[in-house]
1. Out of all the residues in the stretch 45-83, which are under 20 Å from Ser27 (Cβ atoms) and either open to solvent by 60 Å² or more (accessible area, probe 1.4 Å) or of a type outside the set (Val, Ile, Thr) (or both)?
2. Could you check how many residues of the stretch 1-24 are open to solvent by less than 50 Å² (accessible area, probe 1.4 Å) and touching a residue at least 24 places away in the same chain (Cβ under 8 Å)?
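The values are calculated or read from the model by the stated rules, or taken from the named source; none is laboratory data. Source: prediction; values computed, not measured. Note that each Cβ is placed from the backbone with ideal geometry, even for glycine, and that neighbours are counted across all protein chains shown. Please note that ligands, DNA and RNA were not included when accessible areas were found on the heavy atoms of the full protein model with its side chains. Shrake-Rupley method; radii C 1.70, N 1.55, O 1.52, S 1.80 Å.
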Amino acid sequence: MTPVTRQEVLGLYRKIFRIAKKWQSASGQIEETIKEKEYIKSEAKTLFRKNKNVTDPKLIKQCIEECEARIEIGLHYNIPYPRPIHLPPMGLAHKQGRTLRHQEKLRKISKPIYLKSHDEVS
């Protein structure tokens with residue numbers, strides 16, 4: 001990892017914890033705010049630790065883009081949880097043989113960048 005990339009990643013990590021420190025839930029309830037703050041911190045720790053040994057520059061760039069996207073979406077919608085994609089299950093193709101494999105491939109391709117690592121951790 002280059003020093004510039006390392007600084008960028010550490011900057012994102014600090015930014016997430018600053019956001020968590022100032023976070024207010026949409027409902028305004030104290031319990032909900034505390035729960036969401038803890039979720040933000042634990043999700044950041046989990047994903048950053050999971051990816052700490054990544055050395056491929058393309059994969060590092062993809063992780064940085066995912067992190068930035070999740071930050072922007074979370075701040076915009078005031079929801080710390082990743083927004084799901086709304087595709088009906090098995091809605092793209094018939095449920096047999098090659099078309100099922102094709103549909104699974106389409107579903108994987110259509111997954112937004114901000115959800116790439118979410119399913120692997122949860």
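1. Gly74, Leu75, His76, Tyr77, Asn78, Ile79, Pro80, Tyr81, Pro82, Arg83, listed by residue number.
2. The total comes to 7.
Condition check ((1) assigned to a loop (DSSP other than H, G, I, E, B); (2) within 24 Å of Gln7 (Cα to Cα); (3) at pLDDT 90 or above) across all residues:
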| position | (1), (2), (3) |
| --- | --- |
| Ile34 | no, no, yes |
| Glu38 | no, no, yes |
| Glu43 | no, yes, yes |
| Lys58 | no, yes, yes |
| Arg83 | yes, no, no |
| Leu92 | yes, no, no |
| Lys95 | yes, no, no |
| Thr99 | no, no, no |
| Arg107 | no, no, no |
